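Any read-out appearing in this document is the output of simple, stated calculations on the displayed coordinates, not a laboratory observation. Note that the coordinates shown come from a computational prediction; the quantities given were computed from them, not determined experimentally. Please note: Cβ atoms are built from the backbone with ideal geometry, for glycine as well, and neighbour counts cover all protein chains shown.
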Amino acid sequence: MSSTARHAQVIGAGLGGLTAAAALAQRGWTVELHERDPEIRAIGAGIYLWSNGLSVLRALGVFDEAVEGAH
């Protein structure tokens, strides 16, 4: 990557937004994540991930935390 600083604005702290923000940050970007809800909810919609989605979580280093408590 070039020495030019890169910055991203990510809208939404759902599964896609958090994944994008983490991936960009791990690659040296500064990231500002925006979420309209004032607090994190422990309960949300059920999510099923295919093997390629699980591979992304492993590559980001968050697989164990992401599947904690999963069925």
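A few comments on the model shown:
- Using alpha-carbon coordinates, inclination of helix 51-60 to the longest axis of the chain, degrees: 50
- Across every direction, the projection of the convex hull enclosing the Cα atoms of the chain has a mean area of 5.7 nm².
- Segment Ala59-Ile11, length gained on full extension (0.36 nm per residue, minus Cα span): 15.1 nm
- Dipole size of segment 10-71 about its Cα centre, with +1 on Lys/Arg Cβ and -1 on Asp/Glu Cβ: approximately 220 debye, rounded to the nearest 20.
- Amide H contacts under 5 Å for Ala8, placed H, 5+ residues apart: Thr30, Val31, Glu32
- Amide proton proximity set for Ala13, modelled H, under 5 Å, gap of 5+: Arg36
- Taking Cα atoms only, the orientation of helix 15-26 departs from the longest principal axis of the chain by about 40 degrees.
- Karplus (6.51, -1.76, 1.60) ³J(HN,Hα), θ = phi - 60°, over segment 63-71, in Hz, Gly and Pro reported as x: 4, 4, 5, 5, 9, 4, x, 6, 9
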